[in-house]
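S.K.: Before anything else, here's the structure in question.
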Protein chains: 2
Amino acid sequence: MIKIGIIGLGTVGSKVYDLIISNKKLIERKIGTELEILYGCDIDRNKFKNKKFIFTNNWKDIVYNSDIDIVVELIGGKDLAKTIIIESLKNKKHIVTANKAVLSENWDEIFNLARDNKKLVYFEASVGAGIPIIQALNEGLAANKIDYIAGILNGTTNYILTKMLSENISFDKALSQAQKNGFAEMNPSLDIKGIDTAHKLSILASITYSNWIKLDNIYIEGIDKIELSDMKYVKEEFGYTVKLLGIVRKINNKLLLEVRPCLVSDSSPFVSVRNEFNAILVKGDKCGEILFYGKGAGGSPAASAVASDIMFLARQIAAGVAGNIPYVSYDPDKKLSFLSNEENFGNYYLRFTTVDKPGVLSKISGILGKNNVSIASVYQKEPLNKKFKTADIILLTHYVKEKSVIDSIRVIDKLDIIKSNTKLLKIEQ
Amino acid sequence: MIKIGIIGLGTVGSKVYDLIISNKKLIERKIGTELEILYGCDIDRNKFKNKKFIFTNNWKDIVYNSDIDIVVELIGGKDLAKTIIIESLKNKKHIVTANKAVLSENWDEIFNLARDNKKLVYFEASVGAGIPIIQALNEGLAANKIDYIAGILNGTTNYILTKMLSENISFDKALSQAQKNGFAEMNPSLDIKGIDTAHKLSILASITYSNWIKLDNIYIEGIDKIELSDMKYVKEEFGYTVKLLGIVRKINNKLLLEVRPCLVSDSSPFVSVRNEFNAILVKGDKCGEILFYGKGAGGSPAASAVASDIMFLARQIAAGVAGNIPYVSYDPDKKLSFLSNEENFGNYYLRFTTVDKPGVLSKISGILGKNNVSIASVYQKEPLNKKFKTADIILLTHYVKEKSVIDSIRVIDKLDIIKSNTKLLKIEQ
């Protein structure tokens with residue numbers, strides 16, 4: 001009999017409980033042993049209602065309990081969650097967690113400790129909720145050299161971007177709608193600033209490249225500066241949709257990681273990923289492009305991943321082999337080199353808000369030319385509000401160095417023909 | 001050091017060799033031990049060229065060799081491949097295979113033998129080539145009650161159907177084009193009759209429902225009777241695309257399995273799956289709908305799966321734990337009940353080829369009405385060739401029992417107003 005303790009009985013934790021109770025027969029047949037939720041822990045005693053386990057509001061009752069085989073950490077946050085994971089490993093417990101922030105920021109400490117104690121840390125729910133992408137990178141695609149991963153990894157921001165365009169509303173309106181419908185938290189900054197996506201990208205990249213890839217290695221830009229007008233311009237004039245992507249690519253044996261709103265074309269698999277859905281595209285040298293798609297948020301999809309992790313662990317514990325082989329490939333001695341975003345290349349979308357006078361385009365394109373930014377197409381939009389006497393000039397660039405574009409904008413934005421900061425978005429092919 | 005023997009050095013086998021040689025450093029770092037291809041076996045000695053292993057044309061040199069840890073069976077076909085797998089298990093070898101036919105038709109014997117000998121059989125490449133769907137069903141989604149799996153599982157037929165519509169050509173022309181381009185075999189009947197899809201569906205279902213689900217349990221219809229005119233009618237008039245799907249669904253605790261050309265709508269994820277690509281949609285009670293997409297055919301994608309299987313096995317062998325836990329959940333005592341296609345329900349497309357006279361529609365709809373087949377929409381097409389004086393009447397039904405539709409057609413096709421056999425296709429929502 002395998003005994004587990006669940007710490008954190010919120011959205012995910014309570015769904016994990018429900019799942020294990022409702023699918024108990026199927027689970028125990030598949031793992032070949034009995035599974036018992038011995039303890040549940042939460043600071044809120046109301047979470048205990050109608051549940052068949054010993055309730056505690058002290059995590060130590062679980063972590064230091066010799067009856068417990070697996071600690072399921074689902075409290076979120078950082079400090080206490082980290083303590084629970086570290087203390088559990090030290091006390092010879094296996095771990096299942098959905099906590100991307102703690103993993104991403106403490107990869108080194110956690111996986112060294114897991115290896116030293118021959119214990120396993122499973123974390124399928126930390127990226128893409130129920131989509132089994134962690135396992136795929138760890139095992140199913142393990143033989144490939146992977147030179148590209150791109151994903152819509154955050155349900156909140158994808159929900160907001162979808163609603164902005166489909167309901168013709170501003171970022172602020174879409175955000176408050178998302179908060180009202182439970183798709184965004186009251187403090188949404190981790191999501192909308194791209195940090196959550198970066199945590200997830202860091203996990204995917206760390207697995208893929210067998211060493212810790214930190215947030216510091218990722219260029220991060222959120223969606224909070226995205227304007228509806230840009231979304232409409234790119235859709236109507238060029239057939240592009242704005243999506244927040246997390247991307248890692250290998251260029252000449254160096255890694256470039258970025259989280260940013262990107263323009264994707266109508267033929268991209270990301271276009272049809274709407275609302276709270278997630279999708280991850282992995283490109284391997286042998287498997288080619290593989291796409292994984294599903295619900296990236298919500299209690300039940302996350303519980304699906306957590307419970308599947310528990311099952312896989314339970315089978316190994318029952319067979320007496322859990323921890324003999326580490327789950328993730330982690331080799332701290334492996335050297336990784338990174339490219340900064342200064343060295344990024346791509347096609348870019350630029351929107352200049354200018355005075356509505358002759359000669360403006362010539363000035364702008366002159367500065368771009370001087371910086372070797374060649375222009376693929378130009379589009380001039382009548383001012384939306386004529387009394388401002390401004391015009392929007394939109395340019396798509398050829399494949400150019402991002403630094404050249406940024407240098408150009410720095411000069412252009414100082415010109416007195418420019419009425420507000422120039423908007424820059426990358427096109428992801 | 002883990003030693004393997006590859007039996008069959010054709011398209012997949014030679015790519016497995018190439019992969020292991022080219023990605024050796026990555027592979028050995030991830031498995032934490034050395035991996036050697038000790039033997040290669042093929043009836044064709046030319047396959048030996050430039051390869052660093054001991055060549056043999058006798059599979060027994062590998063299967064009965066005490067140095068070999070893993071036998072990689074890639075010869076295809078049935079009888080000899082089965083013998084190799086069975087003899088290898090008896091001789092305490094682990095197996096990696098891509099052979100869907102042998103697995104599907106000998107599930108019972110193979111997995112009983114594997115369990116009794118504490119050996120593992122891995123077969124990720126048998127379905128969807130490089131797409132890690134076997135592992136996902138086995139592990140990543142294991143906690144879910146799964147009531148629906150649908151997939152485009154055969155690259156050849158999907159290539160043919162894609163080309164028929166995009167190049168406006170008949171089935172026969174598309175088939176010979178596929179053969180010319182290496183996407184169909186010279187004897188294509190396993191593919192075009194739906195047998196290959198059924199083998200793969202049987203594997204997915206057997207894993208999901210923890211017992212052997214045979215071809216006998218699957219209603220199978222190929223694409224060889226598909227006419228271009230039907231593909232064009234459904235696309236232009238109703239926005240449907242014809243795809244060969246393998247589907248298993250759970251209805252009141254019974255399983256209904258079918259392989260057949262289906263009409264899928266423009267909002268279906270299957271519409272954009274073109275040419276040799278595969279896609280599999282899995283619906284679990286907790287994870288919701290998860291879609292897996294990638295190249296479903298070709299040497300390299302299959303080699304990606306085979307090599308990843310070898311790696312996972314090698315790690316377990318090196319840690320001394322391989323075979324302690326069976327890979328697939330197989331419980332021969334688990335009772336499964338099936339629904340026959342007679343008990344199928346759905347929306348259907350019917351095309352009647354009739355004489356071009358008044359009163360014809362009334363006769364047809366009268367018979368359908370008597371059988372409780374209610375009509376959702378009707379569309380009458382001018383005869384393509386006026387000299388035949390025939391007309392095509394196309395009907396889409398409401399949600400009805402398939403048996404009622406078939407009973408109606410049986411009666412209608414005997415009427416002298418009917419000029420050729422009525423075409424029936426299911427609409428998959």
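The values are calculated or read from the model by the stated rules, or taken from the named source; none is laboratory data. These figures come from a predicted structure and were not determined experimentally. Note: ideal-geometry Cβ built from the backbone for every residue, glycine included; neighbour counts use all protein chains shown.
S.K.: What are the residue pairs meeting all of these: first residue in the range B:210-231, first residue within 30 Å of B:Asp392 (Cα to Cα) and among the β-branched types (Val, Ile, Thr), second residue modelled with pLDDT of 95 or more and assigned to a loop (DSSP other than H, G, I, E, B), Cβ atoms under 6 Å, and 6 or more apart or on different chains?
M.R.: Final answer for the pair search is B:Ile220/B:Gly194.
S.K.: Okay, next question. Can you confirm whether the range A:182-196 contains a residue that is in the same structural domain as A:Lys254 (by TED's automatic domain parsing), among the acidic types (Asp, Glu) and either part of a helix (DSSP H, G or I) or buried (at least 20 other Cβ atoms within 10 Å of the Cβ) (or both)? Can you show your working first?
M.R.: So the first thing to find is which residues in the range A:182-196 are in the same structural domain as A:Lys254 (by TED's automatic domain parsing), and the list is A:182-196.
Within this subset, residues satisfying the condition of being among the acidic types (Asp, Glu) are A:185, A:191, A:196.
Next, from what is left, pick out any that are either part of a helix (DSSP H, G or I) or buried (at least 20 other Cβ atoms within 10 Å of the Cβ) (or both): A:191, A:196.
Among the residues of the range A:182-196, at least one is in the same structural domain as A:Lys254 (by TED's automatic domain parsing), among the acidic types (Asp, Glu) and either part of a helix (DSSP H, G or I) or buried (at least 20 other Cβ atoms within 10 Å of the Cβ) (or both), which makes the answer yes.
S.K.: Where the second residue is assigned to a strand (DSSP E or B) and not β-branched (Val, Ile, Thr) and the first is at pLDDT below 75 and loosely packed, with under 13 Cβ neighbours inside 10 Å and lies in the range B:375-400, which pairs have Cβ atoms under 9 Å and are six or more apart or on separate chains?
M.R.: Matching pairs, first to second residue: B:Glu382/B:Ala391; B:Glu382/B:Asp392; B:Leu384/B:Asp392; B:Phe388/B:Lys419.
S.K.: Condition first: more than 7 Å from every other protein chain (Cβ to nearest Cβ) and either under 19 Å from A:Leu313 (Cα atoms) or in contact with a strand residue (DSSP E or B) (Cβ under 6 Å, 6 or more places away or on another chain) (or both). Now tell me which residues in the range B:291-308 satisfy that. Walk me through it before giving the result.
M.R.: As a first pass, look at the range B:291-308 and keep what is more than 7 Å from every other protein chain (Cβ to nearest Cβ): B:296-299, B:302, B:305-306.
Scanning the range B:291-308 gives B:Gly296, B:Val306.
Let's see how each residue does on (1) farther than 22 Å from B:Ile207 by Cβ; (2) among the acidic types (Asp, Glu); (3) not in a strand (DSSP E or B):
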residue: B:Val259; (1), (2), (3): no, no, no
residue: B:Val264; (1), (2), (3): yes, no, no
residue: B:Phe292; (1), (2), (3): no, no, no
residue: B:Ala297; (1), (2), (3): no, no, yes
residue: B:Ala305; (1), (2), (3): no, no, yes
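S.K.: Quick one: A:Phe55 ticks every box in (1) farther than 16 Å from A:Ile310 by Cα; (2) touching a residue at least 60 places away in the same chain (Cβ under 8 Å); (3) in a strand (DSSP E or B) bar one, so which box is it?
M.R.: (2) is the only condition that A:Phe55 fails.
S.K.: Restricting the first residue to the range A:348-366 and requiring it to be crowded, with 19+ Cβ neighbours inside 10 Å, which pairs with a second residue that is basic (Lys, Arg) and modelled with pLDDT of 95 or more meet a Cβ separation below 8 Å and a spacing of at least six or different chains?
M.R.: Filtered contacts from the range A:348-366: A:Tyr348/A:Lys426; A:Tyr349/A:Lys423; A:Tyr349/A:Lys426; A:Leu350/A:Lys423; A:Arg351/A:Lys423.
S.K.: Go through (1) part of a strand (DSSP E or B); (2) facing chain B (nearest Cβ under 8 Å) and name the single condition A:Val282 misses.
M.R.: Every listed condition holds for A:Val282 apart from (2).
S.K.: Out of all the residues in the range A:312-320, is one or more surrounded by fewer than 22 Cβ atoms within 10 Å (Cβ to Cβ), under 17 Å from B:Glu139 (Cα atoms), touching a residue at least 12 places away in the same chain (Cβ under 8 Å) and among the hydrophobic types (A, V, I, L, M, F, W, C)?
M.R.: yes
S.K.: Quick one: in the range B:104-128, of everything that is out of contact with any strand residue (DSSP E or B) (no Cβ under 6 Å at 6 or more places or on another chain) and closer than 22 Å to B:Lys15 by Cβ, which residue is nearest to the other protein chains (Cβ to nearest Cβ)?
M.R.: Among those residues, the one meeting the criterion is B:Glu124.
S.K.: Here's something else I'd like to know. Of the conditions (1) in contact with a helix residue (DSSP H, G or I) (Cβ under 8 Å, 6 or more places away or on another chain); (2) within 22 Å of B:Gly298 (Cα to Cα), B:Ile31 clears all except one; give me its number.
M.R.: (2)
S.K.: Let me ask you something else. If you take the residues in the range A:271-284 that are in contact with a strand residue (DSSP E or B) (Cβ under 6 Å, 6 or more places away or on another chain) and surrounded by fewer than 21 Cβ atoms within 10 Å (Cβ to Cβ), which one is farthest from B:Gly288 (Cα to Cα)?
M.R.: A:Lys283
S.K.: Does the range B:285-305 include one or more residues that are at negative phi, aliphatic (A, V, I, L, M), free of Cβ contacts under 8 Å to residues at least 24 places away in the same chain and crowded, with 18+ Cβ neighbours inside 10 Å?
M.R.: The answer is yes, given that some residue of the range B:285-305 is at negative phi, aliphatic (A, V, I, L, M), free of Cβ contacts under 8 Å to residues at least 24 places away in the same chain and crowded, with 18+ Cβ neighbours inside 10 Å.
S.K.: Taking the conditions exactly as written (assigned to a helix (DSSP H, G or I), surrounded by fewer than 23 Cβ atoms within 10 Å (Cβ to Cβ) and out of contact with any Phe, Trp or Tyr (no Cβ under 9 Å at 6 or more places or on another chain)), does A:Leu113 satisfy them or not? Spell out the reasoning first.
M.R.: Values: assigned to a helix (DSSP H, G or I): yes; surrounded by fewer than 23 Cβ atoms within 10 Å (Cβ to Cβ): yes; out of contact with any Phe, Trp or Tyr (no Cβ under 9 Å at 6 or more places or on another chain): yes.
Yes: the conditions hold for A:Leu113.
S.K.: Go through the range B:2-37 and give me each residue that's free of Cβ contacts under 8 Å to residues at least 60 places away in the same chain and surrounded by fewer than 20 Cβ atoms within 10 Å (Cβ to Cβ).
M.R.: B:Ile21, B:Ser22, B:Lys24, B:Lys25, B:Leu26, B:Glu28, B:Arg29, B:Glu34, B:Glu36
S.K.: In the range A:135-158, which residue that is buried (at least 24 other Cβ atoms within 10 Å of the Cβ), within 30 Å of A:Asp224 (Cα to Cα) and in contact with an Asp or Glu (Cβ under 8 Å, 6 or more places away or on another chain) is farthest from the other protein chains (Cβ to nearest Cβ)?
M.R.: This residue is A:Thr157.
S.K.: Now a separate question. Suppose the filter is modelled with pLDDT of 95 or more and farther than 23 Å from B:Lys24 by Cα; does A:Val273 pass it? Outline the logic, then answer.
M.R.: On the way: modelled with pLDDT of 95 or more: yes; farther than 23 Å from B:Lys24 by Cα: yes.
Spelling it out, A:Val273 is indeed modelled with pLDDT of 95 or more and farther than 23 Å from B:Lys24 by Cα.
S.K.: Could you list all residues from the range B:309-338 that are facing chain A (nearest Cβ under 8 Å) and either in a loop (DSSP other than H, G, I, E, B) or within 19 Å of B:Leu103 (Cα to Cα) (or both)?
M.R.: B:Ile310, B:Ala319, B:Gly320, B:Val321, B:Asn324, B:Ile325, B:Ser329, B:Asp331, B:Lys334
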